[in-house]
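Enquirer: First the structure, then my questions, so here it is.
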Amino acid sequence: MALKTQVDDLDGIPEAFRDEYEEKNGKYVLRLEGDVPGLVPSTQLAEANAKLAEFRDNNVTLKGSAAERETKLEALKAQLSRFDGVDPEEYGKLKARVADLQKTGVAGADDVTLVVQRAVSAAVTPLQKRLDEVTAREKEAEAREQKSAAMLARKTMESELTSLGLSLGVSEPAIPDYVARGLEIFRYEDGQIVAKNGDTPVYSPSNPTMPLTPDEWAESLIETAPHLFKGSGGGGAAASDNTPPPPRKTIQNDPLEFGRNIEAIARGEVIVQQ
């Protein structure tokens, strides 16, 4: 009679062989000595089953959908983005520093955090200070440049108004008064002299659709401020003074040349070429 190696109960086993079985995990297993050909020891079987389960789990993971893999990839990318801007070398130094402090008795997350914060602050503060200094210098340079540009624009406008006034017969002693009047209504914008009352453009009295020009404004002074002009005829250019004006020098629109001839420009002896 052939004996089964494992049965659910001993009812079908002859009485003489029942002692050869032992109960394991609710089953009756035949006692065997040594390796029996065709049979796998339980330890090897358990190991094989564990490897099979591992293989099955790995296979399931590898066969996961592309969407799942993409989701995991995006999650990994999100975790990696948390380290953007972290300098690995600086981090290594700080980590080594923390280890040194722990060896000296620093313990606890709060203590380590405080030490790291101080180290980071010590490293960042000099850089921030230099950045603030550079920013301040840039602002100062920009302010000086804007001031120089404004001064140059004003001097250019004064020169053009002076040249216009002299051509219409404004007396030289009256030039400062005449120019001051012009600066109250005219300003230099985008390389041109424009008339404005605050931010509102000023238009020509004779043609309200056109802006007021320096020529029209200066000619209107012949009637509204005749004392600015040579003679007393009030007819435009000086009627009683036939002395021709002195020849005027023309210079390039250059800041250096402008500075060298600023007084002559104010007197109308030098014209700045546009």
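Enquirer: Could you count how many residues in segment 206-220 are in contact with a helix residue (DSSP H, G or I) (Cβ under 8 Å, 6 or more places away or on another chain), at pLDDT 90 or above and more than 15 Å from Ser163 (Cα to Cα)?
Expert: Qualifying residue count for the region: 1.
Enquirer: Still on this structure: Out of the residues in segment 150-171 meeting the condition of being touching a strand residue (DSSP E or B) at 6+ places or on another chain (Cβ under 6 Å) and in a helix (DSSP H, G or I), tell me which one is modelled with the lowest pLDDT.
Expert: Among residues in segment 150-171 that are touching a strand residue (DSSP E or B) at 6+ places or on another chain (Cβ under 6 Å) and in a helix (DSSP H, G or I), the one modelled with the lowest pLDDT is Ala153.
Enquirer: Pick from segment 177-193 the residues that are touching a residue at least 12 places away in the same chain (Cβ under 8 Å) and surrounded by fewer than 17 Cβ atoms within 10 Å (Cβ to Cβ): which of them is farthest from Ser220 (Cα to Cα)?
Expert: The selected residue is Gly191.
Enquirer: Give segment 200-215 a look and list any residue that's of a type outside the set (Phe, Trp, Tyr) and farther than 23 Å from Lys155 by Cβ, or say none.
Expert: Across segment 200-215, the qualifying residues are Thr200, Pro201, Ser204, Pro205, Ser206, Asn207, Pro208, Thr209, Met210.
Enquirer: Out of all the residues in segment 220-230, is one or more of a type outside the set (Ser, Thr, Tyr) and in a loop (DSSP other than H, G, I, E, B)?
Expert: Checked against the condition, which is being of a type outside the set (Ser, Thr, Tyr) and in a loop (DSSP other than H, G, I, E, B), segment 220-230 yields at least one hit.
Enquirer: Just for segment 246-268: of the residues that are modelled with pLDDT of 70 or more and either within 20 Å of Asp177 (Cβ to Cβ) or charged (D, E, K, R) (or both), which one is surrounded by the fewest Cβ atoms within 10 Å (Cβ to Cβ)?
Expert: Only one residue tops the list, namely Glu263.
Enquirer: Which of the numbered conditions does Ala136 fail, given that it passes all the others? Conditions: (1) at pLDDT 85 or above; (2) surrounded by 11 or more Cβ atoms within 10 Å (Cβ to Cβ); (3) of a type outside the set (Asp, Glu).
Expert: The one condition Ala136 does not meet is (2).
Enquirer: Could you please find all residues in segment 175-224 being touching a Phe, Trp or Tyr at 6+ places or on another chain (Cβ under 9 Å), among the β-branched types (Val, Ile, Thr) and farther than 27 Å from Gln146 by Cα?
Expert: The answer is Thr209, Ile222.
Enquirer: Here is a follow-up. Mind listing whichever residues of segment 70-94 are assigned to a helix (DSSP H, G or I), farther than 17 Å from Val124 by Cα and not small (Gly, Ala, Ser)?
Expert: If the condition is that a residue be assigned to a helix (DSSP H, G or I), farther than 17 Å from Val124 by Cα and not small (Gly, Ala, Ser), then Glu70, Thr71, Lys72, Leu73, Glu74, Leu76, Lys77, Gln79, Leu80 are the ones that fit.
Enquirer: For segment 197-222, which positions are free of Cβ contacts under 8 Å to residues at least 40 places away in the same chain, of a type in the set (Asp, Glu) and under 24 Å from Ala174 (Cα atoms)?
Expert: Glu216
The values are calculated or read from the model by the stated rules, or taken from the named source; none is laboratory data. Keep in mind it's a predicted model, so treat the numbers as computed, not measured. We place every Cβ from the backbone using ideal geometry, glycine too, and count neighbours over all the protein chains shown.
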